Structure formats: C-alpha cells, structure tokens
1. Using the number of other C-beta atoms within 10 angstrom as an exposure proxy, rank B:Val677, B:Val774 with the fewest first.
2. Cut-off is 10 Å between beta-carbons; in what order do B:Lys240, B:Lys288 appear when sorted fewest neighbours first?
3. So, R0 is 45 Å and r is the distance between the beta-carbons of B:Leu806 and B:Leu431; what FRET efficiency does that work out to, to 0.05?
4. Over 25 Å between C-alpha atoms is what I'm after, so list which of B:Lys684/B:Lys716; B:Lys138/B:Lys245; B:Lys722/B:Lys817; A:Lys199/B:Lys576; B:Lys699/B:Lys762; A:Lys199/A:Lys443 land there.
5. Once you average over the residues of B:500-510, how many Cβ atoms of partner chains fall within 10 Å of each Cβ?
6. Of the peptides B:451-459, B:815-823, how do they stack up when ordered by the mean number of other Cβ atoms within 10 Å, highest first?
7. Determine, for each peptide in B:744-754, A:85-95, B:255-265, B:824-834, the mean count of other beta carbons within 10 angstrom over its residues, then list the peptides with the highest first.
8. Of the peptides B:524-533, B:416-425, B:460-469, how do they stack up when ordered by the mean number of other Cβ atoms within 10 Å, highest first?
Amino acid sequence: MDLSEDAPSAEGGGAAVAVAMASEVSVYFTTKLPDEFRVAPDPFLVPTKLARYGLSEVINHLLGLDPPRPFDFLVDDEFLRTSLAKYMVDHGLTSERTLTIEYTHALGRPSTRDIDKQPDWIADLTTTHLTGDTALLISGSYDGVARFHVMSSSAGDPSPTPAAKGALTVSSEACIVAVDSWSGEAADGSPIELAAALKNGEVRWLCVDPNAVESVEEHVGRGHMESVECVSISADGAHIATGGWDNSVIVWDNTSAVESLRANIKAALGKRSASETSHSPKFTLKGHTQTVQDVCWPQAPGAFQLFSASFDQTVRVWDTVAAMPVCTFPCAKAANSLSVSPSGQELCTAHEDGRVRVWDIRGGNRPAGSSSSSASSAVKVDASSALALTHTYTVHRRMVPQARWNPYEPHWIASVSHDGCLKILDTRATKLPLQTVSLEGCKLLTVVWVSRSVCATGGSDGVLRLHELQHAGGAVNQQDDE
Amino acid sequence: MSGRALKKRGILPRMTADTEAAADDNDEQAGEVLLNIDDPSDEEGGESDENEADDNAATGDFVMDNERDDVEYGRTELEEESDEDEDESEEEGSDEEEESDEDEDDAEEPSDKDEATQETDEPAAGEKPTKREKREKKFVEMSLKQMRQERRQREAAEQEEEGPLEGEQDDDNDEDEDSELYDSDDDADINRIGDVPLEWYDNFDHIGYTSEGEKVMKTLKASEVDALLAKADDPDHWKKIKDMKNQREITLTDTDIEVIRRIRAGKYPNPSFDPDDYYIPPMDYPDKIHPMRRDHPPKARFLPSKWEAKKIHRLVKLIREGKLRPPPPPEPEMYDIWGRNITQETDTPKGRVRGPPPMPAPKMPLPGHAESYNPPEEYFVTEEEKAQIEEDGDVGTVAQVKPRDGRQICLRRVPGYKKLILERFERCLDLYLCPRAIKQRMNIDPEALLPKLSSPADLRPFPLAVSVSYDGHSGMVRCASLSPCGQWVLTGGEDCTLRIWELKSGRAFQCITFKRKVTAASWNPRSSTDLPIVAVATEECLYLLTPTLPTYTITPASPPDAPSLPTEELMSMSAKAEEVLKLRKGEMADGEAGGEEDAEGSDGEGEGKAGEKREIKWEEVPRRSVLGKHGVRLKIIHEAVIHQLQWHQKGHYLAVVCPLSPAPSSQCVLHSITTQVSRRPFRKSKGGQIQRVSFHPSKPWFFAATRTAVRVYDLKSQQLLKTLVSGAKWISSMHVHRSGDHVVVGTYDRRLIWFDLDLSNKPYKVLRYHDRAVRQVALHGRYPLMASASDDGCVHLLQAKVFSDLMQNPLIIPLKKLQGGHTVRDDLGVLDAMWHPTQPWLLTAGADNSVLLWT
C-alpha cells in the first residue's frame, strides 16, 4: 500500500497520521462494527484529498487487514461520495473542525440466484417468519397461484437456502395482483395467514398450513366494484386493508380468522373446510379520486393509522378506529407503491416517472440522531402534519412498480423497475444507489426483503430471484471507488 | 553677400537671376541691353576693359540698383544726396553729360536694335521674361556686386601702394558714394506707386510719387528720335538703360557687361572663381542610399531572377486554379435614402459619410392673382357667370377661381386680415410639430407585443419519458386505445391480433387473433360503468366483443339491508354487455327498413331500394368458435376497409368510417348498439371522401372531415351547420375538444390545424412542427394537453389551454418533443396516440411493433 510509506508513524496506532500534505483535517474514526474492525479513538490527521478509497486504505492500514477490505464512510449520517475536501467545501466546514467519520463495510455487488421459474408473471411477493431461522417467501402470480418457498438459514451462514414448498391456487379465475402474509405469535409449524388481492375484485385471505401448503380456512371479501390493486394485513392481524380501481380503501375484519389461528388450529388441520367464508367490508374509506395503488399499515404493533397511495398524486392517512380520513399529503406524482420505514417515521413512494421519493412524515423536523431512537413507536399523524420530501432518487429509467423499506435495516430501500433494475437505496446516500442489479429483458414488478441482507424479486419472466447483499470482502478494487 | 554664398552659387550647374525687375517697365530696355551686350563684347572686348576704371561710379550705381531690383531708386537717392552734400554744379554737369550721352545713345540705338532683334529674337519676342532670364538677371546682380567689392579692395590696396596723392577727391567721392550706396541698399523705390501699370500715367506729366508724396516728373525722353540722336551722339549709348518708372538712366559699366557676357557664355560670372575648390571627394556615408562606386554591376543583375520566376510561376498556377482572382469590380455605390444609416454620420473606410440634408419644410403656395388686392379684370366674375351661378346654384367651380368682390384700389386701403395671426400660428405649429411627428414613429420591439409564453417546466405535468412498454406485437400496431377507467390498454395491429394489456405492468391479458389485419379498435366509453364493449375493425369487418377481463366479471354484492335489488343491478358488467350484444333479428329488420336517413337533406327518392341494396348485416359470431370463446359476439361487414371507429360519448352509437367504399353513402355508417340498427347518414359525399368523424361531446352535432374540410352537421335537424376550411390537402385525423368548441385536425401534409368554432371557419392556428405526415392528434380529457403523432417517429406535446370565457383565445404552447421511443420503419413512425383518461400519460403505437406509455 502506498500509504504505508507516507505514514510510518501510524504503525502501532495512536499516533496521528503524519501525511506530508498541505491541507489536512483531523478526523475521528468511529464504527459500529465489531472490535476487530475498531481503530483507536484518537484524532487522525488525514489529507483532505482522500475520498472513499483513500480512507479505506487508511482504515485497512490501521487495522492491518490482509486481505484489505473496502469500507464505506459516513460523515454526519451521510455517505461520503466525494473527497473530504469537496465535502467540506460543500458543507462550509473549515479544516479546523474535527470530523467524525463513521465507517462500515462497503456493500458489495449482490449475488443473484434464480430460485424458481414460474409459468406466469410474478405480481407480488411477501414473506413471513415461521420460526427463528426460517422464513416463508410467498409469491403471487398472475395465474392465480401462490407459491411457497421456505428460506432456512443457519446461524453461521446468513444466506438462506431456499426450498420450494409448494403452490396453492388462490383463485382459478382471476390473477393475483398483490399478496400479504401474516404469522401470529411465531409458533413452530403453526398456520399463517395469506391475503391476496385479485383482479376480479375479490380479496381472499387464507389460513395456510405452511408444512402441507394447503389452506385451512378461506375467507373471501367482496366489496370492491373494480379490480383490487393492493392488500395489507395490519400488524396484529386483526384487519386487512385493500385498495382498488374503484378508488376506495376497504378494511376487512379479520378477527375470526385470527381467533381460529390463535385457537389451536391444529385440531382443524387435516379437515380442510371446503366452503369459504364470505365477508363484507368492515368499512369503506372513500376519498381518493383515482385508483388506490397501495395500502400500508405501519409495522408498529399498536398502529391504527393506515396509509394509502393513489394515482391521484396523494398519500392519505386513515384512522382505522374511527374509519375517518386523517389527512391528505400531496406526493407530486401518481404513486405506484408505498412503504413505511421500520421506524414508522418515513415513507417511500415509487412513481411511474422512474423516481423513488422518500418523505418524512413528521414534516421534515427530523431531530438529529433519531433514526435509532423510538424505532418501535409509530408516529401519530394528525390533520396538521405535512409530508416533507427528503430525497428523490432518480435511479430508474422506466416505471417503478414497487419500492420497499428493509424492515431490518432502517436505511435501506429496495426498488425495482420495468427496466429490469433492482436498486438498493440508502437514505444516507442522497443521490446514488448503493448497489444495482441489472437484469436484461425482463420487467421487475416486485421486491421483498427476506432477511436483513437478502431480497427477492419477481417480474415478467416469472423467475423468482434471490439477491444476497454482502459486504465486499477481498481486495479493495479500484472500481468501488469512482 | 558673403563670398562663400557666392561660391555656392558658383558651383550651381545653371546660373540664375532674379525675376522681379522683369516686371518693370523697362523690361524691353533691359532686354535690349542684354541683347546688345553680345555685339560689343565680341567686337569691343578690349574697349570694355579699358573703360572699366572710368565707369566705376556709374557701375557701382548700376550694380546697387540692380541689386535692389529698382534701378532708379539708388540713382535718385544718389542724386539727392549729392545735391545736398556738395557740388550741385558738378552733379548737374554730370547730369547734363548723361543727358547728352542719352542723346547719343538714342541716336545710335535704332541700328543696334535692328541688329539685336534680328540676332536674338527670342528674348525680345517674349514680352514677359522667362523664369530663366529673371534668374540670370538676379545672378548677374549678385555677381556684379561681388566683383565690385573685390575690385574695390584691390583698388584700395593699389592706392595704399601708390600713395593717396592722385585723385584723392575722386576716391573720397567714390568711397562716399559707395557708402551711400550701401546705405541705400535697403531703401525702397523712389516711385512709390507700386506695381501699377505705368500706362495709367500716360496722360500726366509725372509718373508717380515719392515717399514724401512729391510727384516724380517725367524727365526721361522716351521718343525714338531722342534715342536715335543719343545713339548717334554717344558711342556708349548702348550701355545705358532707361528706368522709366523712376525716371533715371543707368549706364552699365564694363564690369557689368563682362559679367553679363560671362553669364551668357555659360561661365562663372566671377572669373576668379575656381570650381575645383568645391570638389567634395566621395565619402562612404553609412546611411547612403545611392551607390558612390563605379564598379561594374554584377552579372546577376542582368539575369532573370530565379525567385521572381518561381513567384510568377506560383501566381500563374494560382490563377489557373482559380484561387487567385482579380479583385471584384467595385460595387456601384448605392444610397438607401430611406435607410437608417444615411441619416447618421458613419465612419467608413472612405471617410465620413454624411446623410442627406434634412428635408426642408414644405413651403406655402404662393398667392395667385386671384388673391391680389387688386386683381386684373379677367379674374372677376362676369355678369354672365353670375347669372349662371344663380341659375345652376353651382358656386363651386366658378367661385373657386374668381375672387370675391373685395377689390381695393391701393394697398393702403386693404383692411387687416383677421385670420392672419391664426394662420401664421398654425403654420408655425405645423412646422414645429413636424419633426416631432417623425420622432414619434413606432419604436416598439415586435417581440414585446407577443404574449409571454410560460416555460414548459411551469406547465407540468406532461409526459417526459417512456414508462411502460407493451411488447408482443409482431407487426405494425395500427391502433391503441385506453379503457375509460384507465386500467386496460387495447392495441391492434397488422399481425392480425388484438391485445388487451394491463396498463401498469404491461402484461397482456387477452390476445385475439383475427383473420385479417386489425385496422381500428375502440373501447366503448361506458366500459368502466356498465358496457364493457370493444369495437374492432379488421379491414372490412367490424366486430363487437366483450373482453374477458376479470374486472368485468365482478358481480356487485347485494347489500344485506336491501335485498330487493333488480336483477340488472346484480349483473356483472360483462353480463350486461353480453345482453346488449345478443343479436336481435326482428328489431334489426325493423331498424333497417326505416333507418336510412340523410343529413344532406333527403329527397326520399328510392330509399327503400337503395337501403335493401346496400343492406348492412349484423351477424352473430358462434360462441363455440375461436373468436366466440374470446368474447367476440357480433360481426358487421362493410364495403371497404374501416379506417376509424368512433363511439358516441354515451356509448350507444358507433360511427364507422370507410373512406374507400364504392358507394359514397357507405363511407360513414352509424351503428346503434342498443337497437342494433345501422344508418348511413350521408347519401352522397360532398367534398370528397370522408376521412374522420367525431361526435360533439354535448350537442347532437356530428363532425365529418373530408380530405380538405371539416363539415359540422346537426343530427337533429339534419343540416349542415358549418364547413371548416382547413387549407390542407389531406386530413389524416381529427379530435374534438371536450368543450366541443374546438377542433384539432392533423394532416398528411405535416400540419396541425386548430379550429375555433366560435371564431371562424378558417383555422385559428396552423402549426407545422412535424417533418412528416401527422397521423394522429389527441387532446387530453382533463389536462390542457395535446399530442400529435407523426411519421417522423416523434410525438409533439403541446399545451392547449382553452379558456372558458369568450374573451380569450386558446393558448397553444409547444411543450416537448417525445422522441427516441419509436423508430421509423418503412417511412411510418407513430401511428396512433391516445391520452390516458385521468393521468397525463400518453399511449402511442408505432410502426416498429411497439406500444409505449409515456409518463
């Protein structure tokens, strides 16, 4: 490494890096990585011309890593994408200021695996936890079949090993547009609930035994006058919200299914109820003037507010207790997809103009360092709140049908587009995506996070793909640092 | 004069003499003297030498006088001074002697003069002395003076040697005279009349005035006889010169004559002058420009230069190649008198160009005779004319030329003119305001008069880029249509397939293969509510079908509290459509029998016959057939290829256009879906083939576009309301604005024409943005957007804002050129375009088999 000749005194740690440069800045390196990647908490003098690559060399040198590993650097909760000098100029900082640079492992190029080839387009994907290590990946296709895959991951190896579990025909007549799943209190082998929105205006939710892949109970909700476009099960499973082309959001009561799931459903196992239970809407929320494209419950357990995105360029928040609209946020363009961050404080919407927009529900007054705090409590929205645009990612060239927050990682968003690209966005990197997976000749329609670093995509070629994000190991190659 | 200056003169190659004396009266005499010199000098050379000493004083006089150019002055002064000084008698005596000399000279003169005239004609012939002569004369004077000085010095030296005994008085006299002469050198003429001709004094006995104002009397006798006598008396008469102006006689000394002789011989006037002293040896001056050497020039100077030859060769080559041309002839100088530059002073390379002088104010016409206070008789109205005026009452012609009866005898009787001040003031006002009126010309930038167009970025939303592509067609996509709800996309193309896609994902939900090319397809406007019917035209066949989409199978759930809904309410939409599309034979027959109507004004002639002859058959497609399984229900065969299918807004009527049909009445057919009746609205096609039709959105009007014009019919009263003349050659497409007051027409000759029905029958705007034929124009239902698809592969987006108030004209602003999506194939680009019903999205179908959604 070139740096070792320049900075011999850095050997042994603690001493400032004496680099013979005209303009230098003293920095603190902090990290949340394990101890083996931790450097001494002393100020270092680094040349301001260093960018990601140079800083990565410094860290590698300090740690004495062999082979070297690439790192990514955050200054003030923002990824460093330029040289330190340019960053300081852009933010009006002088070199007298001591920067605190946090470093993490850089994200490497995701490895893509084809899991399954399905005969029809995959419309939507959903996952649910079965046990601690296994997750169920359910894909809803346009042929009306939901296909199940078990993702089992051992403790040592974070990458799951997928195994096809089976297929369940939800509807033989209509195609599935959206699916959502819910598992009760995670009990081994207990049934889960799967909700599917159908093009023929029906909403079906089934209690499915994941082992045998057969439905135990079937519920049909008829109330939409047009195709249903989206479905979402609330965090406690008691409600199912759907939206569709009839511009309405309908909330279905799901308590009976939840109760039967809570009661020992094993007794019911084996004797599949042939008859389906028909439901009428618990209440219908009208207010959108155009198609409701996505509904989303916040993941916090006690959340009673429902978000819906529509073609009428608004995001609306509904109070599901009072069955009342809370407020309406304009969101600049017709939204295809809506996703609430795990902290419940931010929204991301996907638009047909190839953009992913991230909004702050709290009106933009984000207190510093709040990303980790109060992660579990849902943000209360009232009529006076406003939606503040925090980022706009112009990352896709075609329509973006879906963008989803990583429920396990508060900063990551996965977005897919008709141009066949999967982009991993980070809210701390304002412009560029962290990583890109580009697939030729297929439209990606849906993406779902299976685990913290694994997401699955489906699209027009019917191939279910697993994209595993991994920290780039091995040599720091020049390509990582533009 | 210094000796050095004289020496300098001496080296001059040609001797000069001053000229001024030549202008004097005694020119002739001077000339005579000069002429006469030759002879005696030749003959009496020795004599002149001998006389030298005797004539000292006279010579000095002469020299001095000549130096001053005025011969007489010095002499007169001398006379005066001598008078004053001592011996009047002597002087008088000398005068007398001189006079006698003159007499002698005069006597001798004629013979000499004759000789002289014979010998040397030239100086005498020329009345005015030449320049050369004047110079010579001047030089002679100078030389004489110099010589005299030298001689005086010599004599002085001799006297010193010999002793001052002899002729002391004379010497003193000489010296005195000399000093006087030198003193009088600078004095002016005696005669102070100046340069005036002396003839002026011919009639007087004086010839001028002295400086004291005394007359200069004519003392010299100028008669020829006197001259002859003097010549005879005095052998030295030839030496005498008469100065007529100053009235004195000057005798040339021998020295003078010698000088003159030498000058005439081309020698130096001073014999002691040695020209060799003035030889300046050649020196090499460092800054010399002319060679001082006499070396032989080198050979190279006589040989043609190699480099010149090369240069000439190069120039010849350039000229032959045409690169070197003679300078163009200068352009004729043109003056744009109305241009701006002419009135301003501009600095051109040629110099300052001044504009024409300002235009003078027009003058008032001069008053004629009729306006005189006392006009002539013929300007009065005669009695006959008076009578005629009274008779005719026509005052104008006569009264204009004849003055009023206000004749005054004299000017002082003329009363004051009352309007004088007023008219003068108005005249002054006119003149004063005139330049101001010129200044007040329009000085407005024409751009400023144009309305300010807002930038396209402020007019968002409008489509910017391709968002969704619908892939699957294997032939040209001829038509594209969006369902009224905006969820489904209908396309048909030359691969004989009709496809229905989901808008958002681009997944094909239905694909129906026909036997022929799909030329037109259209959703029923009521598809989203109760009649999901699609009309498809495959060349001559029109099919009506209900798409088997899952959306349309939704059965409304009966609310539990109101179980008694009519069965129709509980039917799914596709079921309702099926009900409508069931073939009703009896009704069809009834409708056909009486359904033939003519908007052109029916004459009812042979209606039944014609109707039966061109019967439009509604056929049922068997349900078990391939098409029937896809929902195709009815089939209607037309006479020619169907170009357009246009639904009425309420979804009951379908207008079909087949321009190529042999019968003019079949070019446009109206089908009623609910009653299954077909009508031909036009018996004969006025204005050529019908290209496009459209329904008015609210009124019962019908727009039919022929190749060149759009005709507006009232369907109720069945008459032509308007004819919109497009000025284009071939209309390709038409779209009626949702307000119904505006019609947009695209033409194959690349134009986009906007008609405002409230304004006129002529186009409100003609836009020519496309490079190729315009295939389709489309107006958005909600947004003020307009799109035009063209064969150049581009779609142009325009803002077409229509104001609700009648005061403002529609505002059309170009927004964006959508390109890069479709490629031109076989000279065909974008074939169809349609706006999304609710979103600012545009669906386009291209000849490159692609269907794109622009957002």
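Any read-out appearing in this document is the output of simple, stated calculations on the displayed coordinates, not a laboratory observation. What you are looking at is a predicted structure, and each value in this text was computed from that prediction instead of being measured. Counting neighbours? That spans all protein chains shown, and the Cβs are built from the backbone with ideal geometry, glycine included.
1. Fewest to most other Cβ atoms nearby, the residues stand as B:Val677, B:Val774.
2. B:Lys288, B:Lys240
3. The pair B:Leu806/B:Leu431 has a calculated efficiency of 0.40.
4. Listed pairs above 25 Å: B:Lys722/B:Lys817.
5. 5
6. B:815-823, B:451-459
7. With the highest mean Cβ count within 10 Å placed first, the list reads B:744-754, B:255-265, B:824-834, A:85-95.
8. B:524-533, B:460-469, B:416-425
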